[in-house]
Amino acid sequence: MAKISTTIVSGPLCADAADCRLLGSALFGESLEAGEVRSLRIGVVRDNVSEDVAPAVREACQEAIEALRAETGGAVREIELADIEPAALATVLIANTEGLSALSPRRLAKLDPELSPIARGFAKYRMLLPAAASMKAQRVRTLMRHRVAAVFEDVDVIAWPTVPAVAPLLQAPLVELPSGMLTADQANVRGAGLANLTGIPALSVPVGLADGLPIGLQLQAAWGRDELLLDAAEALERASGRRWVESLPPLARQAETTGT
């Protein structure tokens, strides 16, 4: 059963921005040239996406934004970007309704019996999503594309925490935020969904650790500005002396020390 998605995108997972540029060039079929970014205009949003985050994440991301500003001789500008949370919901709705034309009761009945009951239930749930909700989500997508385009007339990149808290335990996928306890999926899509919805390029740069787990700063740029985005990421890596891209979690450090 084929599914065509315009929201779920597979991107490179690399050691640093340079490797990301190399793999991205191979995927694009053209070279993503490196440049030296100067006077970078960094847009920040004072909203739940940047404020309702764990204290350690907020502090690390704020320090990283200031380091990026200093490294590029740029400026930090507060921007208005309304309806980020409805946009996240639209992302989820579109992701779950795209490709439903290929799903039918007959196909559901022929699903592999080894498929888990949860996976079967989720497939059936997707068929119950109202078409009206999907259409409204597409209208939100159009609205957010217009808003993002307007924002990028004044800034080069948007910066906010990739996710609001470090990864929770697998057996208890909950994160504690200033607003209360949320599931990780519920919290993470707030900042991570905009690029998927609008199609703008985005990447996550490691900027710290909390409880031995990585903290990421998400940088987003306008359509077609992938090279600028990578240049900004490399500038941020230089600003930290590559401390975070070369850091290892405790388990990896232990293995490196013992040679196992």
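The table below lists the values:
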| item | result |
| --- | --- |
| Accessible area, probe 1.4 Å, largest first, for residues Ile94, Ile79 | Ile79, Ile94 |
| ³J(HN,Hα), Karplus 6.51/-1.76/1.60, whole Hz, each residue of the range 85-90, x for Gly, Pro | 5, x, 5, 5, 5, 4 |
| Three-way shape call for the range 106-260 based on the alpha-carbon gyration tensor, with the a/c threshold at 1.5 | oblate |
| Computed [θ] at 222 nm, deg cm²/dmol, the chain (DSSP H ≥ 4; -39,500 (n - 2.57); rounded to nearest 500) | -15000 deg cm²/dmol |
| Built amide H within the under 5 Å cut-off of Leu217, gap 5+ | Thr162, Val205, Val207 |
| Per residue, in Å², the accessible surface of the range 1-72 once ligands and nucleic acids are set aside, probe 1.4 Å | 59 Å² |
| Antiparallel bridges, percent of DSSP beta bridges restricted to the range 17-251 (to nearest 5) | 70 percent |
| Size of charge dipole - the range 17-251 - debye, nearest 20, with Cβ of Lys, Arg +1 and Asp, Glu -1, no other charges | 1140 debye |
| Relative contact order (percent, whole number), the range 17-251, Cα cutoff 8 Å, 6+ residue spacing | 29 percent |
| Largest-first ellipsoid semi-axes for the chain, taking √(5λ) over the Cα gyration tensor eigenvalues, angstrom | 32, 24, 19 |
| Selected from Leu219, Leu108, Leu40 as most flexible by GNM, with the chain as the system and alpha-carbon contacts under 10 Å | Leu108 |
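The values are calculated or read from the model by the stated rules, or taken from the named source; none is laboratory data. In this text the structure is predicted, and so the values were computed from the model without any measurement. Note: ideal-geometry Cβ built from the backbone for every residue, glycine included; neighbour counts use all protein chains shown. Areas reflect the complete protein model, heavy atoms only, side chains present, ligands, DNA and RNA absent. Shrake-Rupley method; radii C 1.70, N 1.55, O 1.52, S 1.80 Å.
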